[in-house]
1. Which numbered condition in (1) more than 19 Å from A:VAL185 (Cα to Cα); (2) at pLDDT 95 or above; (3) not aliphatic (A, V, I, L, M) is the only one that A:TYR32 fails?
2. Limited to segment A:121-153, what total is found for residues that are outside any helix (DSSP H, G or I) and within 14 Å of chain B (Cβ to nearest Cβ)?
3. Is it true that B:TYR262 is hydroxyl-bearing (Ser, Thr, Tyr), in contact with an Asp or Glu (Cβ under 9 Å, 6 or more places away or on another chain) and surrounded by 22 or more Cβ atoms within 10 Å (Cβ to Cβ)?
4. Please verify whether B:ILE243 is of a type in the set (Val, Ile, Thr) and either in contact with a Cys (Cβ under 8 Å, 6 or more places away or on another chain) or modelled with pLDDT under 90 (or both), treating the condition exactly as stated.
5. Looking only at helices (runs of 4 or more DSSP H) that fall completely inside segment A:194-303, which ones have 3 or more residues that are not hydrophobic (A, V, I, L, M, F, W, C)?
6. I'm checking my understanding of the structure. Among residues of segment B:208-217 that are buried (at least 21 other Cβ atoms within 10 Å of the Cβ) and part of a helix (DSSP H, G or I), which one is farthest from the other protein chains (Cβ to nearest Cβ)?
7. Answer with yes or no whether A:LEU118 is assigned to a helix (DSSP H, G or I) and either modelled with pLDDT under 90 or farther than 20 Å from A:ALA25 by Cα (or both).
8. Here are some conditions: (1) in contact with a strand residue (DSSP E or B) (Cβ under 7 Å, 6 or more places away or on another chain); (2) over 14 Å from A:LEU268 (Cβ atoms); (3) at pLDDT 85 or above. A:ALA218 meets all but one. Which one does it not meet?
Amino acid sequence: MSLVSVESLSKSYREIRAVDDFSFAVDQGEIYALVGPDGAGKTTIIRTLCGLINPDSGVAMIDGLDCQRKFESIKPILGYMPQVFSLYPDLTVTENLTFYGGIYGVVGEDYRTRVEYLYRFSNLKPFADRRAQALSGGMKQKLALSCALMHQPRILILDEPTTGVDPLSRRQFWEILLELKKQGVTIIVSTPYMDEVARSDRACFVFKGKKLAEGTPAALPGLFEGSLYFCDCRPTVQTLEALNQVSNVQARRFGGGIHVYLRKDVTLPDIATELTRAGFDTGGFRPIRPDLEDCFIQLMEES
Amino acid sequence: MLKLRFLAHKEFRHILRDPRSLAIVVVMPIMMTFLYGYAISLDVENIMIGVVDYDNTPESRQLIDHFYGSAYFSKPDASPVDGDPERILLSSEAKAVLIIRSGFARALHERSDFSLGMMVDGSDNTVAAAVQNYSSAIVSKFALDQLPVDIEIPGITISTQVLYNPDLKSSHFFVPGLVAIILMMISALLTSITIAREKETGTMEQLLTAPVTPVQIIIGKIAPYIGLALLDGILVLVFAKIIFKVPFVGSYMLLLLFGLVYVSAALSIGILISSLVKTQQVAMMSALVATLLPSVMLSGLIFAIRNMPPVLQGLAHIVPAKYFVTIIRGIMLKGAGLQTLALNGLALLALMGVLMAIAAKKFNTRID
């Protein structure tokens, strides 16, 4: 049986359907990523798992216990890190850790060894007496993670832990997550970043409250339909517009160039004349393998 | 229990590090004590009174000396000692004129009934009321001084009798009631702010997923404020005793007992407010409107409830401060015991129970 399972979850805020008939399951020891843009419904799903929201319908279960009715029994095995920094800004690093240790019942010798361990991986020891509000974004997230890990939870649920954090800190943060996974911790993490999805075991694309696709980071790009070319030209508005005029083509800015999606059963020679007429040199179109982001964008536009 | 200690400890740190909370805890009680004790004083001293003495005897002059000798009355600068009393009232700064008809000395010796006249400027009714009270006190004291101790029936009638606060000092009246206001402020205002702050900063989200029950969260949060509220209460009582010389006749234990019931009611209001609002700002405004105003206006602290329109009188029944003001005045000034205060005590207890039940029911463990 899966450690975490969500069955046809739905939740609306007034007319907006934040989560729509959403289901997924996470196995013991997995890193499961919920990927999607802002407002996709990731936070609502996570908060339901953490017993903070009552869904309109559907069930969320952790370790065989209902997250709405039996949440008190789930608390000891769950570590949660909300999206907004949710530690006490006026308390120091140590004080925050002591407080969370205290309410999770980690005290005395247990607490001391645990804090030493947490300081080791977070590198926060030199800042032990600094107030949380004076920490950098990356350090704040590491402190929040440390507090969530105080009681050695079996399941860690993280809501966009790396949003607004510099790339180096992001990488360090993920190294910690991979280390935790080795220790057998099950991790559910939401993120808007595709490079983080690549480091998860399985990922789920979330858009407008619905599940678009689910799979391993290696398998997900295989869902891309049609073919993809990289056009090595400056991605100006005019160029993009001109490309989108060509039938069966969709163009998107991608870094310094343009990704050109060709619909299924359409090949580059099929549209070569049209492209030439629009002023493009087909020689500048290089076929590439679709990645996670290409796949996500295609799924998003189809939905 | 251990978890409560951590919750309470954390709360203390928040208070110590938040200048706003600290100001409310430390500065406000002191400020309010002096404001109510000194500035909002209904005491009237040095009222100018003129005198028209038709008796003109050693006794009548002695009575006049008694008046001017007291702190309440003084001679007008331009002092017309005889003539038309009304002219004196109009022409001088005098707020009242004492009229001693002839026959005063004889009546005093014969112990027959005698009535002195006092013409009072009613345009300032506070002064007018004070003149009536003070002058009858002076006259009766004078009469008693003149008579041998064994004589039981004084010849001059005393119309007003002032008990418990014989000097009619308004600080004696205000300062005990002030304890009620300050306890309410600390308990309701700070509690509502502290829970709203956890919501505003998002820390409540984390706290609710930790293995602590809502009851533990609430108790851990309010325990420090109960302590602070009681400390502030003691602070005001010490001021009352040392600076305003307010007597404390009754039982300290009884006051503490009722104080705890009252504080619990106030804390319940605070928790209730914080359950209904999302930000500290709104919590503060709501708490002020829901506690400070009714506690000052509808508790009988300043305005007598029986003189209010029926709607406000009805509303006053659900203001916890109304009962506590009566209780604390009863204990401090009259030395009232449990029996005398039973009705007010029970009403307060019932109010606390209802408020607690509502607060507990409304406390939300969900964040949407």
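The values are calculated or read from the model by the stated rules, or taken from the named source; none is laboratory data. Being a predicted model, the structure only gives us computed values, none of them experimental. Neighbour counts run over all protein chains shown; Cβ positions are idealised from the backbone, glycine included.
1. The number of the failed condition is (1).
2. 7
3. Answer is no for this residue.
4. In short, yes.
5. A:237-245, A:268-277, A:292-302
6. Result: B:ILE217.
7. In short, yes.
8. Here A:ALA218 meets the rest and fails (1).
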